[in-house]
Amino acid sequence: MKRIPITERPHWQQQAEEFGFNFHTMYGERYWCEDFYYQFGLKEIELIESATEELHQMALKAVERVVKSEKLLERFQIPPQSWRFIRDSWEQNAPSLYGRFDFAYDGAGRLKLLEYNADTPTSLYESAFFQWLWLEDQIEAKNLPMVADQFNSIQEQLISRFSELRAYHQVELLHFSCCQDSEEDRGTVEYLEDCAQEAGLATQFLYIEEIGINSELEYTDLEDDPIRAIFKLYPWEFMLGEDFASYLDMNKTLWLEPGWKAILSNKALLPLLWEMFPDHQYLLPTYFADDPKAKTLSSYVKKPLFSREGANVEIITEGQVLESADGPYGIEGSIIQAYEPLPVFDGNHVVVGSWVVGDSACGLNIREDHSRITQDLSRFYPHAIIG
């Protein structure tokens, strides 16, 4: 893995606007950056791909264990009134769509799981579509060799997955939803909606706040028609804590992501994986904060169970706070994970994201930040495979 300078495309901002990538700059700061790119060798990609699929299968085994244990469901801070819904979604094999593993990868074979964003990961559009455009343009401009490639079949896999939903789950109309206050979330959902349409599905969008409930306790859209299947870019831990969730058991709406993803997207997954697969080569020692074993770690990262985009994360080394981030999380409890420093390139801390669609690893994204904690506005850089 190398950070390589490259000439920016002269009209990439205009291209981004034309393709609906309206959040390439956020709050006056560049989010999409292409003055550098990250170069990988094929063997590195094979390592990341293999590790991703192995860890995904391990995570599914953890779900199987959690749904059978009230003690673990409590540990994951899942409300008791939602336990049956979570169990049923797993036992009925409710289909999933996608997720993203975040890794610390040193470029020399050491790869460690930081967390699994399995419910509402963003940076999807720029990973799947816009960085592929970048690759094609840079090859055409002769800034990259003709043999340059990219670990990126995300869009093809998404379309295939939507086709499976249509064929095997009799989905013809798929609703899409997210919150009203995030341009990035709306852009991600629009992209997924385009992929669903490519798969032959009819789609309809409404904001999460606009979902209703009828007299038969069915979730409804703006036309008061029942919602039979819906993709929501809205965290399960939010939804399960709202009055809205009391109707989940009472209707047959197909949710993407399924209810069992509430387990995978929870940081409590990390100590459970360490318990189930101790000393696994891709895992870091991780414990619940109230576990006496947590005190054996002298350098660690404290993460709230529901933390997103680095919120309320603290990095502690030898009893001192090395770095921390503010946020609204923490009351739900925390986990303690051994500190694995991210690789640093030109003063930037780099995290490698590896995408899963269905059960298959299919793509890569690179985020970097001057901070050791990757957050919402951490910069996105494209990648290429050369050699």
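Of the trypsin sites (Lys or Arg not before Pro) in the range 102-180, the ones in a loop by DSSP (not H, G, I, E or B) with at most 15 other beta carbons within 10 Å are 110, 142.
In a GNM of the chain with a 10 Å cut-off on Cα contacts, which of 224, 346, 137 has the highest mean-square fluctuation? Evaluated over the chain, the most mobile residue of the options is 346. Of the three principal axes defined by the Cα atoms of the range 209-362, the extents in descending order read 58, 34, 32 Å. Measuring between alpha carbons in the structure, the pairs from 112/302; 68/112; 71/267; 2/43; 68/252 lying more than 18 angstrom apart are 68/112; 68/252.
May I ask you to list the lysines whose Cα is less than 16 Å away from that of residue 142, ignoring any residue fewer than eight positions away on the same chain? Partners found: none.
The Stokes-Einstein estimate for the range 286-338, based on a Kirkwood radius over Cα pairs and taken at 4 °C with 1.567 mPa s viscosity, is a diffusion coefficient of 118 µm²/s. Return the label of the correct value of semi-axes √(5λ) of the Cα gyration tensor in Å, as calculated from the structure shown, out of (1) 35, 22, 20; (2) 69, 22, 15; (3) 31, 28, 19. Matching the structure shown: (3). Taking every alpha-carbon pair under 8 Å whose residues sit at least 6 apart, the chain reaches a relative contact order of 24 percent. Using the Cβ-Cβ distance between residue 11 and residue 370 with R0 set to 35 Å, the FRET efficiency from 1/(1 + (r/R0)^6) comes to roughly 0.80.
Going from the fewest other Cβ atoms within 10 Å to the most, the residues 247, 116, 282 appear in the order 247, 282, 116. Projecting the Cα atoms of 138, 215, 312 onto the dipole axis of the chain, where Lys and Arg carry +1 and Asp and Glu carry -1 at the beta carbon, places 312 farthest toward the positive end.
When the P(r) is computed for the range 22-143, the part past 18 Å accounts for 69% of the Cα-Cα pairs.
Phi angles across the range 201-208 convert, under the Karplus curve 6.51 cos²θ - 1.76 cosθ + 1.60 with θ = phi - 60°, into 3J(HN,Hα) values of 8, 7, 10, 8, 9, 8, 6, 4 Hz, Gly and Pro given as x.
With contributions of -39500 (n - 2.57) from each DSSP H run of at least four residues, the per-residue ellipticity at 222 nm computed over the chain stands at -8000 deg cm²/dmol. Dipole size of the range 286-338 about its Cα centre, with +1 on Lys/Arg Cβ and -1 on Asp/Glu Cβ: approximately 160 debye, rounded to the nearest 20. Simple point charges give the picture: +1 on the Cβ of Lys and Arg, -1 on the Cβ of Asp and Glu, and for the chain a dipole about the Cα centre of about 1460 debye.
Restricting the range 198-230 to GluC sites (Glu not before Pro) that sit in a DSSP loop and have at most 14 other Cβ atoms within 10 Å of their own Cβ leaves 216, 223.
Note on residue 295: lysines with a C-alpha under 16 Å away, same-chain residues under 8 apart excluded, are 303.
Just so you know, all these numbers are worked out from the coordinates, no wet-lab data involved. Here the structure is a predicted model, which means the values were calculated and not measured. Note that each Cβ is placed from the backbone with ideal geometry, even for glycine, and that neighbours are counted across all protein chains shown.
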